[in-house]
1. Which of (1) outside any helix (DSSP H, G or I); (2) in contact with a strand residue (DSSP E or B) (Cβ under 9 Å, 6 or more places away or on another chain); (3) at pLDDT 95 or above is the odd one out, the single condition residue 140 does not satisfy?
2. Within the stretch 190-225, track down each residue that is assigned to a loop (DSSP other than H, G, I, E, B) and out of contact with any strand residue (DSSP E or B) (no Cβ under 8 Å at 6 or more places or on another chain).
3. Could you please let me know if residue 176 is in a loop (DSSP other than H, G, I, E, B), under 16 Å from residue 101 (Cα atoms) and modelled with pLDDT of 95 or more?
4. For the stretch 118-127, how many residues are part of a loop (DSSP other than H, G, I, E, B) and touching a strand residue (DSSP E or B) at 6+ places or on another chain (Cβ under 7 Å)?
5. Which of the numbered conditions does residue 130 fail, given that it passes all the others? Conditions: (1) at pLDDT 95 or above; (2) over 17 Å from the mean Cα position of the chain (by Cα); (3) surrounded by fewer than 23 Cβ atoms within 10 Å (Cβ to Cβ); (4) in a helix (DSSP H, G or I).
6. Return the residue satisfying two criteria in turn: it lies in the stretch 73-99 and is part of a helix (DSSP H, G or I) and touching a strand residue (DSSP E or B) at 6+ places or on another chain (Cβ under 9 Å), and of such residues it is farthest from residue 221 (Cα to Cα).
């Protein structure tokens, strides 16, 4: 069993043995977006490094994302996506809110707006867009109002759902995170905007994995899993195609009792608690590398 803070070891023991000394908090819905672009060296993905002051996953390298808000249910969508199919794929009764949250967080955290105008064309940046983004971050304007003022709707087919991770039950903060993949629209570019991140940059997936192996790039298991998926893709089109075809299972690292009565970590289906045969998967606290994409 990986190193864990003592309180989490105690929680893991209690969970594995069916004891009631620890009641896990309910996970909060969240959306994470793997934003892709074509570069001279091949496919690249946009990555943020969270500030060390964050309460959850401080200093980790992550993809843009965050918690789903109640207001995301009111965000206008283009109506191109089959919401019922999206909901089934990601095990959610709020597929529209998830798609809206994915678009909102992408705009907030890197300035890319996944939206369409009245003519169906992708939104293009203008001089006032950064002002609107800053107002959205501070709460001076809601995402639905911002889009309405600009005559835009969320491009609900721009983000492709492809993965689902749930924070382990030993954590104080838990998230039920759906992962989406999207290409940067033409005429737009992702950039570092500060806030919850110290650094933002485009990475070749292979380079990110090499940096992780060298100990210079901290990543949680879901982040690394996505990097491995992307490293096997030659271009954005291939990545999006594989994302659309990937089976989506809600993955959750969980403590279980081994044959000798010891506590072991296994990957389980968060819906059924069935142990999944996915090979070895790291487990531990948020600092050791467990959980969904932090928000």
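The values are calculated or read from the model by the stated rules, or taken from the named source; none is laboratory data. In this text the structure is predicted, and so the values were computed from the model without any measurement. Positions of Cβ are generated from backbone atoms using ideal geometry, with glycine treated the same way; all protein chains shown enter the neighbour counts.
1. (2)
2. Residues satisfying the conditions are 194, 195, 214, 215, 216.
3. For residue 176, the condition - in a loop (DSSP other than H, G, I, E, B), under 16 Å from residue 101 (Cα atoms) and modelled with pLDDT of 95 or more - is not met.
4. 1
5. Every listed condition holds for residue 130 apart from (1).
6. 83
For (1) in contact with a helix residue (DSSP H, G or I) (Cβ under 9 Å, 6 or more places away or on another chain); (2) outside any loop (DSSP other than H, G, I, E, B); (3) without any contact (Cβ under 8 Å) to a residue 40 or more places away in the chain, each residue gets a yes or a no:
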position: 24; (1), (2), (3): yes, no, no
position: 38; (1), (2), (3): yes, yes, no
position: 49; (1), (2), (3): no, yes, no
position: 105; (1), (2), (3): no, yes, no
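Residue-wise test of (1) over 30 Å from residue 207 (Cβ atoms); (2) surrounded by 17 or more Cβ atoms within 10 Å (Cβ to Cβ).
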site: 59; (1), (2): no, no
site: 67; (1), (2): no, no
site: 70; (1), (2): yes, no
site: 84; (1), (2): yes, no
site: 87; (1), (2): yes, no
site: 90; (1), (2): no, yes
site: 95; (1), (2): yes, yes
